[in-house]
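The values are calculated or read from the model by the stated rules, or taken from the named source; none is laboratory data. Just so you know, these numbers come straight off a predicted model, no measurement behind them. Don't worry about glycine lacking a Cβ; one is built from the backbone with ideal geometry, like all the others, and counts go over all protein chains shown. Accessible surface areas use protein heavy atoms only, side chains included; no ligands, DNA or RNA. Shrake-Rupley method; radii C 1.70, N 1.55, O 1.52, S 1.80 Å.
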Amino acid sequence: MDANTNRLPRIFTLAVIGICALPLGLNLLGFDFGVQYGTVEVSQLTGSAVGDKEFARLSGAFSHTLLEWTAVAIALCAALLAFVHFQIKRDVATPVIGMALLCSGLMDAFHILAADRLLEATAANENLIPFTWAMSRLFRAVLMVACIGFVLAKPDLSFRHNRRAVLAASAGMAGIAYLVITACTSAPSLPRVMYPEALISRPYDVGPLILFLFAGGFVYTRFHNAAPSLFSHSLIVSTIPEVATQFYMAFGSVALYDNGFMVGHFLKIVAYSVPFGGLILDYVNTYHQEQSMIGRLREAQCELSGANEKLAASEIDLERRAAELEIGNARLHELDQLKTTFLSTVAHELRTPLAAIVSAAKIIQKHHQTKPDVVERFGPTIMTEGNRLTRLINDFLDLAKIEAGCVDWTDSDVDLAEIAEQATSGVSSLANETQVELTTEISASCPTLLADHDRLVQVLTNLLSNSIKHTPAGGRVTVSADLDGERIVMAVKDTGEGIPPEDVPKVFDRFYQAKGPQAKKKKASTGLGLSISREIVERHGGHIWVESELGAGTSFLFTLPTTPPATMTQNSGPTSASESNTAAIRVLLMLDDAATAERIEDIASSNEFEFRTCAHVEALADVVEGWKPDVLIASPDFAARLTNDAIEQLQSQGVGRVLTYCPGRGFVDVLRNDGANLLAVTLSRISQPGAKILVVEDDTRYRAALDFELKEAGYDVVCAGDGKEALELMATTRPDTMILDMVMPEMDGLTVLEELSGIGESDKPKIIVLTGMDDPDLAHVAETMGACAVLRKHDLDRPVFQAVTARLQRVLSPVFS
């Protein structure tokens with residue numbers, strides 16, 4: 001049963017049709033369901049034979065009574081079940097139709113009571129039974145059509161508020177049924193009902209036949225559409241046996257208790273049983289739905305219980321996360337304070353030498369003609385403060401690169417005695433100037449270490465410089481190194497004034513400056529040397545600390561493990577000096593010019609480079625994974641086909657550079673995504689040298705830089721300060737390519753793209769968006785509106801080429817040019 005369709009099972013409907021067709025089939029096979037009766041000569045019978053003959057003569061009446069009372073009983077049960085169904089589903093149509101079924105059953109009851117002479121009757125049964133039958137069938141058809149029509153006319157009917165009216169109408173219908181039967185029984189004569197010789201043997205049964213056809217084809221169907229249920233659909237199916245009943249009676253019954261008479265009464269039972277079965281199925285369906293709902297409610301209750309448990313756990317987790325968030329917020333606040341302090345300190349440290357340089361320069365500019373000695377007097381100030389500013393910037397960049405993990409470490413076997421000698425040699429002039437003695441005490445038991453030679457020299461130089469500055473004349477600074485188990489302890493000890501105990505925890509902080517009297521006599525430092533030294537030592541797996549006593553001197557100590565940590569070896573460059581000098585750079589070529597690729601492969605410097613070629617972008621991933629190149633050199637067309645995902649994959653597989661050659665600019669690093677370089681590459685793909693370029697940029701300095709760069713590359717350049725000016729210039733200059741900024745006054749870049757969308761393709765320039773906004777959605781919109789490329793702005797004078805790029809530039813530029 002498909003409860004969602006609100007239709008009876010197909011097997012149920014087919015069974016009803018089969019039952020209605022079965023008598024006809026059996027009749028065709030020779031079966032006759034009629035009961036014969038006739039007169040009996042009692043005088044010829046003796047004893048019990050008289051009673052037996054009388055009962056045999058009454059077998060037709062008994063069968064008729066049994067069939068009718070079966071139909072009445074089913075009608076009463078259906079009416080009762082309709083009221084039970086109403087209590088469950090509150091479907092107001094059900095009790096109304098139940099009343100109609102009840103009254104129809106009562107009419108049939110009165111009919112059989114009259115037929116069995118339990119009600120006093122005047123007319124003979126030959127006329128009484130067919131006539132009252134026709135009246136009861138007509139009454140049923142009219143009553144069902146009327147009741148269902150009433151329900152359809154009153155869709156908002158409330159049985160609760162119309163209960164009395166319904167009960168009163170039912171009582172009235174029952175009374176009408178009784179009065180009709182009573183009138184028939186009391187009438188001295190009744191109309192002729194059966195015409196054996198005619199085609200329609202019982203014309204009075206044609207009226208109910210037509211009404212049942214009308215009810216099934218129109219009334220019951222509309223009711224089912226308005227209130228779909230198994231019960232409403234059973235009413236439609238019940239018209240099959242109802243119509244079959246009337247056909248048997250109207251066209252097949254010519255006498256009481258004949259074949260058509262008995263089959264018709266049997267099919268009436270079937271017609272009464274179908275709505276009763278529909279109510280039962282509807283009740284069962286409702287029960288299953290309620291059980292399913294109960295099951296779902298139980299599942300929901302279990303899920304709710306589980307959700308409550310998860311919620312309780314989530315609350316605990318939320319409280320934990322809230323605590324972590326509070327700690328994180330406190331940490332962020334602390335970092336924000338550190339950032340503010342750091343920026344303030346950096347600004348101060350930068351402004352101090354800059355102020356001295358600017359002041360000295362102004363004095364020289366103003367008085368160099370009238371007072372020539374100012375050059376000799378203030379020129380050294382510019383040099384000194386310029387060197388100080390350079391040291392500050394270099395130290396700051398070193399620290400930033402170390403913390404960001406962007407330093408190229410070059411590890412090799414280093415001798416600590418050599419390290420100490422090189423560091424002391426570098427600060428010897430400062431020691432001589434301040435009259436401080438330098439000594440070294442490097443234990444012979446110290447083994448060679450795998451470390452970055454230059455960085456360790458930098459650590460010792462920083463520590464030695466710091467100690468010399470805080471040691472009075474005649475003092476001594478000693479560098480020592482001893483083996484302590486599996487680590488080496490190096491120390492820089494001085495005989496200076498020492499560090500106050502409250503300042504000891506701060507000495508490795510950025511921009512920390514000593515406050516002692518000896519420090520004031522010395523040249524100012526950047527305050528970053530100790531911070532840089534700590535980062536370098538920790539990168540090598542060591543630890544650095546300070547021990548100091550006021551008036552007795554200070555010792556800076558750090559450890560270095562004899563076996564380097566895994567994190568150091570994983571991030572290291574070449575593992576030996578020889579490897580560092582002789583390792584060949586692996587270069588993968590993706591060039592659309594086969595002749596150029598062959599010339600590059602013929603380069604004799606095999607010790608410096610190792611070349612391979614890849615002809616297709618699709619094969620790039622396999623070649624990179626198998627060979628692990630250091631550099632990929634691609635033609636502009638191949639470089640333009642590399643997506644961001646492909647570039648990220650190349651980076652993840654260790655490709656450090658993705659270069660493309662641009663005439664006039666040399667090699668450009670695609671991985672760095674430098675706006676100026678990619679602009680040159682993009683222009684080389686879409687514009688020929690000498691093409692007219694319209695630069696639309698509101699920043700005057702950046703516009704001037706672009707103008708200079710593009711003219712140097714051989715392009716004819718026209719500039720506009722905003723989108724509105726650019727559209728005005730379009731009419732007179734007719735540029736081949738437009739370089740378009742996004743954020744501008746008067747008219748922004750997107751508006752320019754929208755305005756240009758209405759221009760024909762032949763008149764519209766190629767558009768390259770060059771913007772400072774790092775927004776993928778903006779890039780997508782710009783490309784959708786016609787931009788052929790979207791690039792991000794970067795400083796035009798930033799260093800693009802590092803060591804590898806410089807070597808490739810030197811060797812390969814002659815080949816490409």
For this session: Select the strands (runs of 3 or more DSSP E) contained entirely in the stretch 718-814, then report the ones holding at least 2 residues which are modelled with pLDDT of 85 or more.
Result: 737-740, 766-771
Problem set entry | Inter-residue pairs, beta-carbon under 8 Å, first open to solvent by less than 10 Å² (accessible area, probe 1.4 Å) and in the stretch 72-88, second at pLDDT 70 or above and of a type in the set (D, E, K, R), 6+ apart | Val72/Asp108; Ala75/Asp108; His85/Asp282
Seminar exercise, completed: When the stretch 221-241 is checked residue by residue, the ones that are crowded, with 18+ Cβ neighbours inside 10 Å, over 25 Å from Tyr287 (Cα atoms) and in contact (Cβ under 8 Å) with a residue 40 or more places away in the chain are Ile240, Pro241
For this session: Enumerate the helices (runs of 4 or more DSSP H) found wholly within the stretch 492-598, keeping only those where 1 or more residues are closer than 25 Å to Thr439 by Cα, open to solvent by 70 Å² or more (accessible area, probe 1.4 Å) and modelled with pLDDT under 80.
Result: 517-520
Exercise. Limited to the stretch 263-293, what total is found for residues that are touching a His at 6+ places or on another chain (Cβ under 8 Å) and within 28 Å of Leu26 (Cβ to Cβ)?
Worked result: 2
For this session: Go through the residues of the stretch 211-220 one by one and say whether even a single one is over 60 Å from the mean Cα position of the chain (by Cα), modelled with pLDDT of 75 or more, more than 21 Å from Ile280 (Cα to Cα) and aliphatic (A, V, I, L, M).
Result: yes
Problem set entry | Val274 being β-branched (Val, Ile, Thr) and open to solvent by less than 10 Å² (accessible area, probe 1.4 Å) | yes
Exercise. So, in the stretch 255-282, of the ones that are among the aromatic types (Phe, Trp, Tyr) and over 60 Å from the mean Cα position of the chain (by Cα), which residue ends up nearest to Ala79 (Cα to Cα)?
Worked result: Phe266
Problem set entry | All positions within the stretch 170-195 that are outside any helix (DSSP H, G or I), open to solvent by 70 Å² or more (accessible area, probe 1.4 Å) and out of contact with any Ser or Thr (no Cβ under 9 Å at 6 or more places or on another chain) | Arg192
For this session: State whether one or more residues within the stretch 317-332 are modelled with pLDDT under 80, open to solvent by 80 Å² or more (accessible area, probe 1.4 Å) and under 26 Å from Leu528 (Cα atoms).
Result: yes
Problem set entry | Unique residue being closer than 18 Å to Leu143 by Cα, of a type outside the set (Lys, Arg) and modelled with pLDDT under 75 when the list is His111, His85 | His111
Exercise. When only residues in the stretch 683-703 that are closer than 26 Å to Phe667 by Cβ and open to solvent by 60 Å² or more (accessible area, probe 1.4 Å) count, which is nearest to the chain's Cα centre (by Cα)?
Worked result: Arg685
